[in-house]
1. Specify which labelled value, from [x] 16.1; [y] 16.9; [z] 17.5, agrees with Kirkwood radius over Cα pairs in Å derived from the coordinates of the model shown.
2. For helix 155-165, what angle does its Cα long axis make with the longest principal axis of the chain, in degrees from 0 to 90 and rounded to 10?
3. Fewest first, what order do 6, 135 take by the number of other Cβ atoms within 10 Å?
4. Between residue 107 and residue 153, what length in nm is gained on full extension when 0.36 nm per residue of separation is reduced by their alpha carbon distance?
5. On the Cα set of the range 1-95, report Rg and Dmax in Å, please.
6. So what's Rg/Rh here for the range 99-176, counting alpha carbon atoms and using the Kirkwood radius for Rh?
7. Enter the angle in degrees (range 0 to 90, nearest 10) between the Cα long axis of helix 47-57 and the first principal axis of the Cα atoms of the chain, meaning the one along which they spread out most.
8. Going 7 Å from the Cα of residue 173 along its beta-carbon direction, which residues of the range 1-28 have the amide nitrogen within less than 16 Å of the resulting point?
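All of the numbers you see were taken from the coordinates with simple rules; none came from a lab. Owing to the predicted nature of the structure, the values given are computational and were not obtained by experimental measurement. Note that each Cβ is placed from the backbone with ideal geometry, even for glycine, and that neighbours are counted across all protein chains shown.
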């Protein structure tokens with residue numbers, strides 16, 4: 001278990017996935033999340049399963065997302081990584097009933113053909129997506145126009161942010177939310193964190 005009594009106790013799992021200690025640090029956090037909620041750890045995803053998903057989508061997943069899946073599976077990272085049967089082009093989500101879909105802006109419509117969802121933000125209808133060509137990470141926010149906003153250059157920053165914020169549950173100290181937020185703002189930027197968390 002990770003014990004947090006001060007800001008310095010919060011574990012930053014990696015700068016980039018593939019760093020020397022990324023597996024050790026990430027494993028510590030993922031095991032602590034599972035332990036905290038009494039959940040079982042997820043099994044690693046095989047290369048064959050990843051290839052089958054890429055074939056279905058017709059495009060490659062971001063390399064470091066694949067590495068994460070192959071190492072930790074569809075792990076609980078404090079947010080809900082989608083099961084592979086749910087990972088899909090977001091333009092297709094409302095294709096059968098467009099009247100229930102968002103009224104996308106012209107700006108959104110330029111991005112829509114390229115975005116694939118892979119994570120639900122706390123089950124509230126918002127999603128994180130990757131760009132099929134650039135592999136950048138976009139946020140779909142059902143409350144704000146434009147609905148689609150570029151958040152991160154790489155999936156590493158998304159996963160790292162989630163794993164830092166997940167540590168909020170490891171302590172009763174009321175300051176911990178502020179500590180994790182300060183850390184993620186330093187790593188990313190305040191505007192991104194405010195839109196993400198609020």
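1. [z]
2. In the chain, helix 155-165 runs at an angle near 50 degrees to the longest axis.
3. Numbers: 6 11, 135 17.
By the 10 Å Cβ count, ascending, the order reads 6, 135.
4. Working: separation 46, 0.36 × 46 = 16.56 nm, distance 1.88 nm.
Stretched out fully, the residue 107 to residue 153 stretch lengthens by 14.7 nm.
5. According to the Cα coordinates of the range 1-95, Rg and Dmax are 15.4, 49 Å.
6. Numbers: Rg = 14.5 Å, Rh = 13.8 Å.
That ratio is 1.05, to two decimals.
7. Approximately 30 degrees, to the nearest 10.
8. Hits in the range 1-28 for residue 173 at 16 Å: 2-12.
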